[in-house]
Structure formats: structure tokens, C-alpha cells
Amino acid sequence: MSWSMSLTSFPSRIQTHPTIHLLRPIKPTISSPPKFPNLPTIRSVQGNFDHSPITPAKTRWETMLETAASLYPLYVTAGAVVACLKPSTFAWFVKRGPASYSLSLGFIMLAMGLTLELRDLLNLFVQRPFSILFGCAAQYTIMPAFGAIISKSLGLSPALSVGLILLGCCPGGTASNVVTLIARGDVPLSIVMTVCTTLGAVFLTPLLTKILAGTYVPVDAVKLSISTLQVVVAPILLGSYLQRTFPAAVKFVLPSAPLFAVLASSLLACSVFSENVVRFKSSIIGASLASDLSPVLCAKAILSGELGVIILSVFLLHFAGFFVGYLSAAIGGFREPQRRAISIEVGMQNSSLGVVLATSHFTSPMVAVPPAMSAVIMNIMGSSLGFFWRFINPSDSKDSPKVDDK
């Protein structure tokens with residue numbers, strides 16, 4: 001999982017020059033430009049992202065690390081299974097919370113900062129402000145609104161309602177960049193949206209959470225802002241500073257940074273899930289006994305209980321993000337790669353931030369359950385959508401309106 005990218009532009013076509021004949025006058029003729037049948041067609045990266053800049057070939061070790069980092073959904077799913085079967089596995093990490101949670105998220109954001117060149121991202125923001133602002137606005141309107149709507153519609157308890165709303169108010173997750181790459185979407189747009197929504201989370205996440213969840217429990221927006229600044233923005237800026245100041249050292253550790261970030265995120269989500277698994281186990285065992293061990297009836301009884309309601313609410317929240325995010329981008333007239341990037345960015349949240357804020361600022365442990373559950377459900381949904389889109393050429397929809405930033 002790498003967030004770094006060269007944002008250079010290529011010429012869109014080969015320039016030809018008129019032939020100048022010397023020594024003898026001739027009649028002016030109109031000649032066709034020379035043909036180069038063996039040269040590849042090169043498109044402008046600024047206008048079309050079908051072709052990426054030429055990058056140095058990766059070593060076998062770097063390819064292995066990148067492949068291992070892309071298995072994030074597998075890690076978090078396996079960790080959730082372990083948390084169900086033996087919750088004590090994560091006891092050493094849980095006992096040190098919430099400090100261990102904050103340090104883990106800080107490490108994840110530091111890894112992200114090491115891969116970012118803020119100068120290139122700033123240049124891209126200047127070149128394409130409309131698409132970036134549109135995507136960020138969609139992120140902080142669609143998900144918070146549906147978090148409040150779904151929690152109200154399903155009649156969630158106050159603690160779970162706050163957790164779902166807090167999840168909806170979080171910025172985009174870093175895994176969205178990898179999923180956008182798989183889906184053949186606009187990766188630079190996804191990267192800049194992640195950075196901008198993450199920096200904006202210092203103010204918008206606490207403010208929106210207070211507005212939408214303040215009716216359930218008291219929300220201290222100032223403390224939420226300080227925590228977000230400490231565990232998100234500061235590590236990103238530190239990572240970018242280290243990249244610029246110690247490029248050789250960063251280049252050495254950079255290939256392994258995404259994998260460690262993925263493992264830290266999986267550990268964080270599964271640890272929070274293991275805290276509440278005892279409560280869920282009682283309902284699961286009761287449902288199994290009441291249904292005479294029939295698999296279908298057992299699953300139905302489990303999903304109709306509290307665990308099922310949590311799973312359904314998180315699933316609906318992310319589904320709304322993917323679907324409405326894509327729909328809004330289509331109505332806005334964006335190209336298919338931009339639609340996919342905005343859809344994935346809106347639908348995939350930084351669930352790790354939700355876990356840290358929930359465990360640090362709310363007394364009920366149930367507030368952290370929706371963000372922890374999201375780490376499993378969101379990545380399965382996002383990865384599935386990415387693989388589905390991978391087999392659909394984004395350039396097929398030629399008749400759709402197109403919005404280009406100038």
C-alpha cells in the first residue's frame with residue numbers, strides 16, 4: 001500500500017515542424033506530418049489517468065511487501081475470528097488502552113506522511129480544485145447525514161448511535177487509495193481527498209459529531225479536536241518533514257511502512273472488537289441453543305440480535321457512501337475514473353480514528369463497536385467493489401458529461 005506518486009505531466013502529442021528547402025525555389029506544398037508507427041500514444045496525465053508515469057521497476061522484495069500490505073481485509077477478518085474464539089489474545093493491547101490505541105493510529109498516520117510529498121499534492125490541488133473540493137464536500141455531508149439517519153431508523157441505543165455517527169464523521173481511510181487503484185479510478189484524486197479530509201478532520205469531525213450526536217450524549221468538540229490534531233495531523237506533518245530532511249533513511253524504510261501500518265490498523269480494530277465479544281457471545285450462544293443448532297435459524301437469530309443490528313447499520317452506512325458518492329459524482333458530470341475515486345473515498349472511512357476518539361472521550365465501550373466493526377465490513381465491501389470495477393473499462397462511458405479542472 002503506497003500513497004506516493006509522481007505527479008508529472010506528459011505532452012499529449014508529438015509536435016511536427018514544417019520542412020524548409022534551401023538552394024532552389026519550389027512551389028509551396030502541403031505535406032502530411034510524418035508517421036511514427038512504432039511509437040506509443042502518450043496522453044496527458046493531467047487530463048487522463050489511463051497511463052501512469054514511468055517508474056523504476058520494483059524489486060522482488062518490494063513487490064512481496066506491497067502484496068502483503070494489500071491483504072488488509074484478510075488480516076482484519078482473521079483477527080476478528082480470533083477475537084471471537086479467544087478474546088484474551090488481544091488482552092495485552094487492550095489493557096494499555098486508550099494510550100496504545102492512540103500510539104497505533106499515530107504510527108499509521110506517520111507511515112502515510114512518509115509517503116506524501118506535500119508540494120506535489122499542493123500543485124495538484126491548484127490544478128484541479130473543483131474535483132477535490134467536490135469530493136471533500138461529499139465526504140463530510142453524505143456519511144454524517146446517513147450516520148444520523150440510519151441510527152434513528154434502526155432505533156440504535158444512544159451509545160451505538162454516537163458510535164455510528166462518529167464513524168460517519170471521520171475522514172476518508174488510507175485503504176481507499178489502494179482500492180481506487182484496483183478499481184482503475186483516479187488515484188491522485190483519491191490521495192489528495194484523503195489528505196484534505198484528514199487535515200479537515202481536526203475541525204469537521206468534532207463539529208459534526210457534536211451537532212448530530214450531541215442529543216444522545218454530551219460531546220466535547222474541543223477535546224476531540226485536540227486529540228485529532230495529536231494523533232492524525234501531527235504524525236502526517238512529521239512524516240512529510242522526515243521524508244524531506246532524511247530522504248535516504250526514508251527510502252530504506254518506505255517499502256515496509258504500508259505493511260506495518262496495515263498490521264497496526266488490524267490490531268487496533270480487532271482489539272476493540274475483542275473487548276465487546278463477551279457480550280456478543282452470550283447472545284450468539286443463546287441464539288444457537290434456541291434454534292436447535294440449525295445453521296439457517298441460528299444465523300437468523302444472531303442477525304436479529306444486537307450484533308446483527310450493528311452489522312446491518314455499519315453495512316448500510318458504507319453502502320450509502322459508495323452508492324450516493326458515485327451518484328453525486330455522476331450528477332456533477334465527472335468522468336468515470338473520478339466517479340469511482342469519489343465513491344470509494346466517501347464510502348471508506350478512517351475507522352481507526354473513530355476507535356481512538358470513541359475510547360478516549362466516551363465512557364461507554366459500545367461507542368467504539370461500530371468503528372471497530374467497520375474495519376472488517378468496510379474493507380470487504382470496498383475490496384469487492386474494487387475488483388468488480390477492475391473488469392469494467394472506465395473509458396467505456398463516452399457519452400457521459402465530463403468535468404475538467406483547468
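Any read-out appearing in this document is the output of simple, stated calculations on the displayed coordinates, not a laboratory observation. Quantities reported herein were computed from a predicted structural model and do not represent experimental measurements. Cβ coordinates were reconstructed from backbone atoms using ideal geometry, including for glycine residues, and neighbour counts include every protein chain displayed.
Where does each of MET64, MET112 land when they are ranked from fewest to most other beta-carbon atoms within 10 angstrom?
Lowest to highest Cβ neighbour count: MET64, MET112.
Per residue and in Å³, how big is the convex hull formed by the alpha-carbon atoms of the stretch 115-182? Don't skip to the end; give the middle numbers.
Working: hull volume 7.6 nm³, N = 68.
Hull volume over Cα atoms, normalised by residue count, gives 112 Å³.
Please arrange THR180, THR63 by how many other C-beta atoms lie within 10 Å of their C-beta, fewest to most. Each step should come with its number before you reach the end.
Values: THR180 29, THR63 12.
Result, fewest neighbours first: THR63, THR180.
Could you give the length gained by full extension between SER157 and THR141, i.e. 0.36 nm per residue of separation minus their alpha carbon distance, to one decimal place? Spell out each step's value before the answer.
Details: separation 16, 0.36 × 16 = 5.76 nm, distance 2.29 nm.
So the extension gain works out to 3.5 nm.
Determine, for ILE165, ILE236, the number of other Cβ atoms within 10 Å of each Cβ, and report the residues in order from fewest to most.
ILE236, ILE165
Sticking with the crude label model, points 7 Å out along Cα→Cβ, report the distance from SER256 to SER384 in nm, one decimal please.
Reported label-point gap for SER256 and SER384 is 3.5 nm.
Working out 0.36 nm times the residue gap between TRP61 and ALA234, then minus their Cα-Cα distance, what length gain in nm do you get to one decimal?
Here the segment from TRP61 to ALA234 would lengthen by 59.3 nm.
Label SER88 and ARG119 with points 7 Å out from Cα along Cα→Cβ: what is the distance between them in nm?
5.5
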